[in-house]
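Everything below concerns the one structure shown next.
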Protein chains: 4
Amino acid sequence: MNVSIIGTTGYGGAELLRILQHHPEFNIKSIHSTKEDLPIWNEYPHLYGIMDKALQKIDPDQIAEQSEIVFLATPSGISGKLAEAFSGKSIKVIDLSGDLRIPADEYLEWYKHEPANESLVEKAVYGLSEWHHEEIAAAELISNPGCYPTSTLLSLAPIVKENLIDPTGIIVDAKSGVSGAGRSLSRTTSYAEANENLRVYKVNQHQHTPEIEQQLMNWNAGIKPITFTTHLLPITRGIMTTSYVQLTKEYTTSQILELFQSVYEKHPFIRIRPENTFPSVKEVAGSNYCDIGVHADSRTGRLTVVSVIDNLMKGAAGQAVQNANIMSGLDEAAGLGFVPLYP
Amino acid sequence: MNVSIIGTTGYGGAELLRILQHHPEFNIKSIHSTKEDLPIWNEYPHLYGIMDKALQKIDPDQIAEQSEIVFLATPSGISGKLAEAFSGKSIKVIDLSGDLRIPADEYLEWYKHEPANESLVEKAVYGLSEWHHEEIAAAELISNPGCYPTSTLLSLAPIVKENLIDPTGIIVDAKSGVSGAGRSLSRTTSYAEANENLRVYKVNQHQHTPEIEQQLMNWNAGIKPITFTTHLLPITRGIMTTSYVQLTKEYTTSQILELFQSVYEKHPFIRIRPENTFPSVKEVAGSNYCDIGVHADSRTGRLTVVSVIDNLMKGAAGQAVQNANIMSGLDEAAGLGFVPLYP
Amino acid sequence: MNVSIIGTTGYGGAELLRILQHHPEFNIKSIHSTKEDLPIWNEYPHLYGIMDKALQKIDPDQIAEQSEIVFLATPSGISGKLAEAFSGKSIKVIDLSGDLRIPADEYLEWYKHEPANESLVEKAVYGLSEWHHEEIAAAELISNPGCYPTSTLLSLAPIVKENLIDPTGIIVDAKSGVSGAGRSLSRTTSYAEANENLRVYKVNQHQHTPEIEQQLMNWNAGIKPITFTTHLLPITRGIMTTSYVQLTKEYTTSQILELFQSVYEKHPFIRIRPENTFPSVKEVAGSNYCDIGVHADSRTGRLTVVSVIDNLMKGAAGQAVQNANIMSGLDEAAGLGFVPLYP
Amino acid sequence: MNVSIIGTTGYGGAELLRILQHHPEFNIKSIHSTKEDLPIWNEYPHLYGIMDKALQKIDPDQIAEQSEIVFLATPSGISGKLAEAFSGKSIKVIDLSGDLRIPADEYLEWYKHEPANESLVEKAVYGLSEWHHEEIAAAELISNPGCYPTSTLLSLAPIVKENLIDPTGIIVDAKSGVSGAGRSLSRTTSYAEANENLRVYKVNQHQHTPEIEQQLMNWNAGIKPITFTTHLLPITRGIMTTSYVQLTKEYTTSQILELFQSVYEKHPFIRIRPENTFPSVKEVAGSNYCDIGVHADSRTGRLTVVSVIDNLMKGAAGQAVQNANIMSGLDEAAGLGFVPLYP
C-alpha cells in the first residue's frame, strides 16, 4: 500500500519515515517538501544509506494518483490549505497539524491566524485512536490529535466519562520536551538556553486548550474550562501530563486503577501502571505507548493522574500510523511494536 | 566572625563553602565530616588551590569554643542529634535538614524515622528569611526551610495572608533538579536514568507537605490539606513550583502583581516579574533569588503562580547564610550578591 | 531458535531484550540474573506489558538443554567463570565481557584481577563481525568486542591493513556516553556530577588498549603501542573515536574514502560518509550502524578518522546479535534493521 | 574607573556584565548594541532587578569621553571596524573577537572574510595574560585570545618553550560547549540536535589553528603545523583540550608536573593538578581558572596534556577583565575570584 508524506523535513515527518521504513504493509512512495530535489539524508544524515529518496515538489494530483494515504506533517496554517487541495481526490488524508481540530472561531482565538475551510473541519474525524476507532475506520480525512491533548485525554477519559470527578475543576500541569516545538529555530529551544532550564510558556494561552476541552465536553457535558499549563523540559522527546481532579466521592486508588484497566484492556498501547508506581517519560521513548499511573489522596479527596507519551510517536507520527492502520483495515498495532529505547 | 560547617561533603555543605569563601564578615574556621583528615579538595577537586582545609572530626565543645555559628548541613536523622549536642553551648546553630521543622508526630508520619527532641523543635525558629526576620534576629537555633517549601511559601504568602484565594483547594506542582536529592548515590539520580527523563516521585507523600501546610496555616487558619506533587528534572540545580489556586473574586493579573510587589518591595532577593512574563529556573542559577510570576485566568477564575529558586542557594545554603547574616546583625544580603550564571 | 540471556539486569542485557523481542528467528527462552524471581519489568518498567518473564537462577545444564545460544551480559570476572561452566555443553556462547579477549598476562596487567581459563581464551573467536565472518560462523564460543575497540578497529582497519599509515604513531581520542560504564552506581556517573561535564579517565590505562593493539597487530605486524585516551560524555548512549595517524605518502581524502567504500561496500552496518561530512553520535542512536568520516590534511600529512557507534548496539548487544545471526546461518542483519532514533 | 561594553547581548557580553557587576574598581558606565533602547533585562531576564541600564547606540566619541576602557564583545568582522573607530581616541580597547589576532593573509584564508586594518593587527597586544603581562600592562589595544587557543597555549607553553617535545607532531583534540558558538541560532546548536550528541566540526579548518600556531612558533621556532580538531559537546560552558605530543627523551609524569608547577606558581588562575588526577570541565565552571593535568606514557614515549577552562570566563570575558586589571595597574585577579559553581 503506497503512502506519501508532505512536510518530511520536520521532526514529525522524520519520525514517520522511521516508522514506515519497516512497516509491513505501507510503502513510502514519495516524500515532499518545499526544499525539493535533495536526497532526504542530506537533511537528515542519520538516514544515509537507509533512504535515498529525494524530496519532491508538492503535486496533489500526482500524489493522489500514486498513493492511497497522504500524511500532512506540515505546520498549522499550511496543512489546512493542503487538506483542501486534496479534497475530492481519491486519497485518504491524515493531517498532523492543529488546522482541522477545532471550529474556526476558536481556532482564530487560540491560533491567531486564519482558520481552515469550515466544511473540512466538520468532515475531519478526530483521530484519538483508542476512542474513535469506528469513525476512523470509515474516515477519508483524519485530524490527528495534538501531543498534549493525546496524553491528557487518554488519561482523563475513564474518570470523565464515568463521572467520577468534579467536571468544573480540572487542572492539567503539562511538560514537554523541545522536539514538540518543531524544527524551526528559536532562542528558547537553543541548547544554551534550554539546557539546565525549565521554562513555563503560554500560561493559560496554549492552543491545545480548546482541543482538550472540546473532547472532554463530548464525553461529559458538565465540563467547564480547564486550567492547562505547559512547561518546556530540557529533554528532546517526551510529554508528561500531571492532572489534578476532585473526586466526587471517596474512591481508593485501586478502584480507580480497576476502572482504567477495564477500559483499556483491549488497547495495546495503553499501559496502566500497578498501584504505587508511576511512569516516567523515558520509559516510553521511541515507542507508541501511553503509560498511566494514578493516586487518590484521602487527605484531600483529590486524584492525581500521571500520563506519559513520546510526543513524536503517540503524540504525532505513531498515532498517525495507528490511524492509517485502522483506516486500512490492518491491525492497529502493525509496524508500531517499538520497544522503548531505555536507557 | 568565625563559623563552622558540619556535613561539608554534601552538596549543601559545598555550597556553603562557595558562599562563605568570599563572605565579607564570616570566616570559615573549621569544616567537619565523618570522612575526616582529608583536605576538602580531595572530595571536591573544584576547590583545589582555593581551600586547603582538612575535614575534622565533629567535636561540639571545640566547635562551640572556636566559632560563633555552626551550620548543620547533615541529613535528616543526624541533624537533630547534632542540634542536641550543641544545645546549651554558646554557639548559634543553623540546621539545614528537616529535623526541626515539624512536630514529632508529623515527623514520624512523613519522615518515617525517629523525630528529634521535641523541646528543640519548639525552640527552633523557622528560618524563612523574608517572613520571620525578627524571630531570626533573636534566635539561637534556626530550622532552615526546605527547598520546596521556600519556593512554595514565598510565592503563596501574599495571596494566602490577604485571603485572596480559596484556602481549601491549593495545588502545587513542583519540579526539582537532582542535586536536591543530595550526594548519595541512587538509580533514579544516575545519569543514564535521569537524563532525557522526567519522573514523578513520592506522589502525595513528600515529607515537605506538612512543613508547607503548617506555615500556610499560620498565615491563614482556613487552610486545608494541599495537593503537593514532586517531579525530578534532568537538571542539576533549580526548583520550579507551579501553583494553582481559586480566586475568591475577580482579580486581574495586574492587581495580584501589585500586591506581590508591595509585599516584597523591601526584600532584595524576591523579584516579581512583569505582567505576561514568567521566570525560568536557569535565570536564578547560582544566585539567592526567588523569582515569581503570576497569571489570573478569567476563563476559570483560577490563578497560576510560578516561582523559581536555586535549590542549593535560596533553597538551602543561600538562605542559611541569609539567616546567619540576620542573626549577626549584618545586612541580610551580605556576601549573597551572586549574579545568576546565565547561560 | 531459543536463546537465553545471563546478566539481564545490566544495560547490555536490557538492550539484548529490546533487540530479541522482535527478532524474526530468535525466541527469548529464559533470562537469568542473581536477582531471581522478579518479573523483568520490575527492574525495567519500560518493559511493563511487553515482557512478563521472570528472572531465573543460573543453571547452565538447564540453559544448555533449552537454548541454542546463551548471551553472557555479565561483568568481567563473572563471564569467564560462566563461559567455563558452559564449556563442553551443547550450546553456543557469546560473551560480551572482556574476559576472553586478551591473553592472561595482559588481562592481569590491565584488568587487575584474575584472568579466565587460558584454553577458553584461546578457543574464543573475536567477534568483530565485519572482519571475522568465517571464524564466527564456525565458532562455538565468541568473545564479543569491547565498545571502544569496535569503533576504533572498524575505522582503522582499511588503512592499517593496506599500510597507508605510520604504524608506530596511532593516537585515538575516544569519547563515550555513561551507559558504557554499566548500571552500577558511581559518583562520576551520577547525574549531578556527569551533567554539564566532560571528564577524562584511565589516561593511558584503559583496559581496551591491549584489545585494540592485538587486533591491529594481527592486521599489520609493524604496529607499535598506541595512545588511547577515554573521555566520559554527558550523554547516555554513543561513542566517538577520533583517530590521528600519519600518512606514509600524500593521499587525498577522496582516495582514502574510496578505499573505505570498497572495503566496506558489502557490509550493511558500515556507512562511509561523503567527503567533507562527518558522522555525529546521535545519528546512530539505537541502531547497529558504525559511521565513518575521514579527512586527510595536506598541511600536516595527517589523517583524521572519525567513527561513531551506539555503544549498547554495535558496541555490545547489537554486534552480539549480529554474531548470533552469523553463527546460526542467518542474514547477519536479521532483526537489526533499527533506523536511528533522531532527534 | 568607568568601562563600556559593546556587543552586550551576546554571551561574552553577558558574562562581562556578570563579572563587572561586582568588580571592586570598574564601573559599568554604558552598554551598547545594535538593539538599542531596551533595558538589558529585556534581553536577559536573569538581570531583572540587578541591572536597569538600557542598551545604547554605539557612539565611539561619547564612549571614549565617558570610559577608560571599552570591551568589544562583537563578532569577527564587526570588531575590527569598531577597533578602527576607536583608534586614536583616548580609551583603551579590549577586543574579544578574532579580528586582531592574526595577519591579514592568514585571516582571509581561515576566516573567509575581509581582514581588519593591518596596522591595528600589528599594534594589538595578544592578551594571553599569564605570558604577556608586561606588554599588556603597557598596551592601548588588546586582542583577547580565543577560547580554544587559551586552553591549548596555557597547557603547552612550558613543554614547548623548554623544548621537551617534538615540535613537528603536536595534535590537539579539543571539545567545547555550545555557548562557544555564540548566541545566534543554528541547527547544530539547537537543543534537539545538540543534546545526547557529540559532533566534530571544521575538521582541520578551524580558524583558531593559525592563532595557536603563531604563538607556539613565537615560543619555539621549530614548531610545524599542528593537527587541531574541534568537537561540539552537549554542555553549555566549558572547553577541554586533550593534547598529544612526543617527548624528546624519557621524562616521568612527575618531572613534567614539576616544570608546570614552577612555571605557573605565581599565577593565581592556573592550577596544576596532582599526579594521577585530571581536571574535568565542570570543576572550573563560572570561574577564571585553567586547570591542567598531564601523563607521560612510558609505553609510547608520548605525553598527554589535559586542560580545561570555562570558555566564557578564562576563554573570553574573564581573561578580558584580567587584562583590563593588568592594563589598569590593579591586581590581575581583582573581581575574578569566583569559586567554580559545582555541582
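Go through segment A:7-41 and report how many residues are of a type in the set (Val, Ile, Thr) and closer than 16 Å to A:Asn323 by Cβ.
Of the residues in that region, 1 qualify.
Of the numbered conditions (1) aliphatic (A, V, I, L, M); (2) closer than 22 Å to B:Met327 by Cα; (3) touching a Gly at 6+ places or on another chain (Cβ under 6 Å), B:Ala116 satisfies every one except a single condition; which is it?
Tallying (1) aliphatic (A, V, I, L, M); (2) closer than 22 Å to B:Met327 by Cα; (3) touching a Gly at 6+ places or on another chain (Cβ under 6 Å), B:Ala116 fails exactly one: (2).
What do you reckon, is A:Asn288 within 13 Å of the chain's Cα centre (by Cα) and outside any helix (DSSP H, G or I)?
yes
Given (1) crowded, with 18+ Cβ neighbours inside 10 Å; (2) touching a helix residue (DSSP H, G or I) at 6+ places or on another chain (Cβ under 8 Å); (3) hydroxyl-bearing (Ser, Thr, Tyr), identify the lone condition not met by D:Thr277.
For D:Thr277, the exception is condition (1).
Looking at A:Ile239, A:Ile159, which one is in contact with a Phe, Trp or Tyr (Cβ under 8 Å, 6 or more places away or on another chain), buried (at least 24 other Cβ atoms within 10 Å of the Cβ) and in the same structural domain as A:Tyr289 (by TED's automatic domain parsing)?
Checking each option against the conditions leaves just A:Ile239.
For segment C:75-102, name all the residues that are in a helix (DSSP H, G or I), of a type in the set (A, V, I, L, M) and in contact (Cβ under 8 Å) with a residue 40 or more places away in the chain. Talk me through it step by step, then tell me what you get.
Going residue by residue through segment C:75-102, those that are in a helix (DSSP H, G or I) are C:79-86.
Within this subset, residues satisfying the condition of being of a type in the set (A, V, I, L, M) are C:82-83, C:85.
Residues satisfying the conditions are C:Leu82, C:Ala83.
Is it true that some residue in segment C:141-154 is free of Cβ contacts under 8 Å to residues at least 60 places away in the same chain, among the aliphatic types (A, V, I, L, M) and either crowded, with 24+ Cβ neighbours inside 10 Å or not assigned by TED's automatic domain parsing to the domain that holds C:Arg237 (or both)?
yes
Listed residues A:Leu259, A:Leu303; which is among the aliphatic types (A, V, I, L, M), in contact (Cβ under 8 Å) with a residue 12 or more places away in the chain, out of contact with any Lys or Arg (no Cβ under 8 Å at 6 or more places or on another chain) and within 30 Å of B:Pro210 (Cβ to Cβ)? Before you say what the answer is, go through the steps one by one.
Numbers: A:Leu259 fails: within 30 Å of B:Pro210 (Cβ to Cβ).
Within the list A:Leu259, A:Leu303, the selection yields A:Leu303.
Within segment C:24-41, is there a residue that is in contact with a helix residue (DSSP H, G or I) (Cβ under 9 Å, 6 or more places away or on another chain) and touching a residue at least 40 places away in the same chain (Cβ under 8 Å)?
yes
Let's see how each residue does on (1) among the hydroxyl-bearing types (Ser, Thr, Tyr); (2) surrounded by 14 or more Cβ atoms within 10 Å (Cβ to Cβ); (3) on the phi > 0 side of the Ramachandran plot:
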site: D:Ser97; (1), (2), (3): yes, yes, no
site: D:Leu100; (1), (2), (3): no, yes, no
site: D:His113; (1), (2), (3): no, no, no
site: D:Leu120; (1), (2), (3): no, yes, no
site: D:Tyr126; (1), (2), (3): yes, yes, no
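Note down all Cβ pairs under 6 Å where the first residue falls in segment D:197-226 and is on the phi < 0 side of the Ramachandran plot and buried (at least 19 other Cβ atoms within 10 Å of the Cβ), the second is modelled with pLDDT of 95 or more and of a type in the set (Gly, Ala, Ser), and they're at least six residues apart or on different chains.
Partner pairs satisfying both residue conditions: D:Asn197/C:Ser280; D:Arg199/C:Ser280; D:His208/D:Gly146; D:Glu211/D:Gly146.
Every residue in segment B:142-192 that is part of a loop (DSSP other than H, G, I, E, B), closer than 21 Å to B:Ile223 by Cβ and within 14 Å of chain A (Cβ to nearest Cβ), please. Outline the logic, then answer.
Kept after step one, since they are part of a loop (DSSP other than H, G, I, E, B), are these residues of segment B:142-192: B:144-146, B:162-164, B:166-170, B:177, B:182-186.
Still in the running and closer than 21 Å to B:Ile223 by Cβ: B:145-146, B:162-164, B:166-170.
Across segment B:142-192, the qualifying residues are B:Asp166, B:Pro167, B:Thr168, B:Gly169, B:Ile170.
Let's see how each residue does on (1) more than 25 Å from C:Arg199 (Cβ to Cβ); (2) more than 12 Å from chain C (Cβ to nearest Cβ); (3) touching a Cys at 6+ places or on another chain (Cβ under 6 Å):
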position: D:Ala194; (1), (2), (3): no, no, no
position: D:Leu198; (1), (2), (3): no, no, no
position: D:Val203; (1), (2), (3): no, no, no
position: D:His208; (1), (2), (3): no, yes, no
position: D:Glu213; (1), (2), (3): yes, no, no
position: D:Met240; (1), (2), (3): no, no, no
position: D:Thr248; (1), (2), (3): yes, yes, no
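Being farther than 30 Å from C:Ser186 by Cβ, surrounded by fewer than 23 Cβ atoms within 10 Å (Cβ to Cβ) and in contact with a Pro (Cβ under 8 Å, 6 or more places away or on another chain) narrows it down to one residue among B:Lys53, B:Lys89, B:Lys29; which is it?
On the way: B:Lys53 fails: farther than 30 Å from C:Ser186 by Cβ; B:Lys29 fails: in contact with a Pro (Cβ under 8 Å, 6 or more places away or on another chain).
From the options B:Lys53, B:Lys89, B:Lys29, the qualifying one is B:Lys89.
Tell me, which residue of segment D:8-26 that is farther than 23 Å from A:Thr188 by Cβ and within 14 Å of another protein chain (Cβ to nearest Cβ) is farthest from the chain's Cα centre (by Cα)?
Only one residue tops the list, namely D:Pro24.
On the given criteria, is C:Asn197 of a type in the set (S, T, N, Q), closer than 27 Å to D:Gln246 by Cβ, in a loop (DSSP other than H, G, I, E, B) and more than 17 Å from the chain's Cα centre (by Cα)?
Working: of a type in the set (S, T, N, Q): yes; closer than 27 Å to D:Gln246 by Cβ: no; in a loop (DSSP other than H, G, I, E, B): yes; more than 17 Å from the chain's Cα centre (by Cα): yes.
So C:Asn197 fails the test.
Right, A:Glu130: among the acidic types (Asp, Glu) and either surrounded by fewer than 20 Cβ atoms within 10 Å (Cβ to Cβ) or not in a loop (DSSP other than H, G, I, E, B) (or both) or not? Even if it seems obvious, please write down each step before you answer.
On the way: among the acidic types (Asp, Glu): yes; either surrounded by fewer than 20 Cβ atoms within 10 Å (Cβ to Cβ) or not in a loop (DSSP other than H, G, I, E, B) (or both): no.
Judged against the criteria, A:Glu130 is not a match.
Would you pick out the residues in segment A:218-229 that are more than 14 Å from chain B (Cβ to nearest Cβ) and either under 26 Å from B:Pro340 (Cβ atoms) or assigned to a helix (DSSP H, G or I) (or both)?
Within segment A:218-229, A:Asn218, A:Trp219 qualify.
Just the residues that are among the aliphatic types (A, V, I, L, M), within 11 Å of chain C (Cβ to nearest Cβ) and either assigned to a helix (DSSP H, G or I) or within 21 Å of the chain's Cα centre (by Cα) (or both), please, taken from segment A:27-58.
Going residue by residue through segment A:27-58, those that are among the aliphatic types (A, V, I, L, M) are A:28, A:31, A:38, A:40, A:47, A:50-51, A:54-55, A:58.
If we keep only those that are within 11 Å of chain C (Cβ to nearest Cβ) too, we end up with A:47, A:50-51.
Answer for segment A:27-58, where residues must be among the aliphatic types (A, V, I, L, M), within 11 Å of chain C (Cβ to nearest Cβ) and either assigned to a helix (DSSP H, G or I) or within 21 Å of the chain's Cα centre (by Cα) (or both): just A:Leu47.
I'd like to verify a number: residues in segment C:262-306 that are more than 9 Å from chain D (Cβ to nearest Cβ) and among the basic types (Lys, Arg), how many?
Final tally of qualifying residues: 3.
For the structure I just gave you, tell me whether A:Leu72 is touching a residue at least 40 places away in the same chain (Cβ under 8 Å), within 14 Å of chain C (Cβ to nearest Cβ), closer than 29 Å to A:Asp331 by Cα and not hydroxyl-bearing (Ser, Thr, Tyr). If you could, list the steps in order and put the result at the bottom.
Numbers: touching a residue at least 40 places away in the same chain (Cβ under 8 Å): yes; within 14 Å of chain C (Cβ to nearest Cβ): no; closer than 29 Å to A:Asp331 by Cα: yes; not hydroxyl-bearing (Ser, Thr, Tyr): yes.
No: the conditions fail for A:Leu72.
Do we find that A:Glu250 is in contact (Cβ under 8 Å) with a residue 24 or more places away in the chain, in a loop (DSSP other than H, G, I, E, B) and either at positive phi or surrounded by 23 or more Cβ atoms within 10 Å (Cβ to Cβ) (or both) in this structure?
In short, no.
Going by the structure shown, is C:Ala320 more than 14 Å from chain D (Cβ to nearest Cβ) and either aromatic (Phe, Trp, Tyr) or buried (at least 24 other Cβ atoms within 10 Å of the Cβ) (or both)? First the steps, then the outcome.
Working: more than 14 Å from chain D (Cβ to nearest Cβ): yes; either aromatic (Phe, Trp, Tyr) or buried (at least 24 other Cβ atoms within 10 Å of the Cβ) (or both): yes.
Taking the combined requirement at face value, the residue satisfies it.
Mind counting the residues in segment B:103-118 that are among the charged types (D, E, K, R) and in a loop (DSSP other than H, G, I, E, B)?
Going through segment B:103-118 one residue at a time, the tally reaches 2.
Sort through C:Gly286, C:Gly335 and tell me the only one that's surrounded by fewer than 24 Cβ atoms within 10 Å (Cβ to Cβ), on the phi > 0 side of the Ramachandran plot and not acidic (Asp, Glu).
The match here is C:Gly335.
Just to be sure, is C:Ile235 of a type in the set (Val, Ile, Thr), in a loop (DSSP other than H, G, I, E, B) and facing chain D (nearest Cβ under 9 Å)?
yes
The values are calculated or read from the model by the stated rules, or taken from the named source; none is laboratory data. Computed from a predicted structure; not experimentally measured. Glycine gets a Cβ as well: all are built from the backbone with ideal geometry, and neighbour counts include every protein chain shown.
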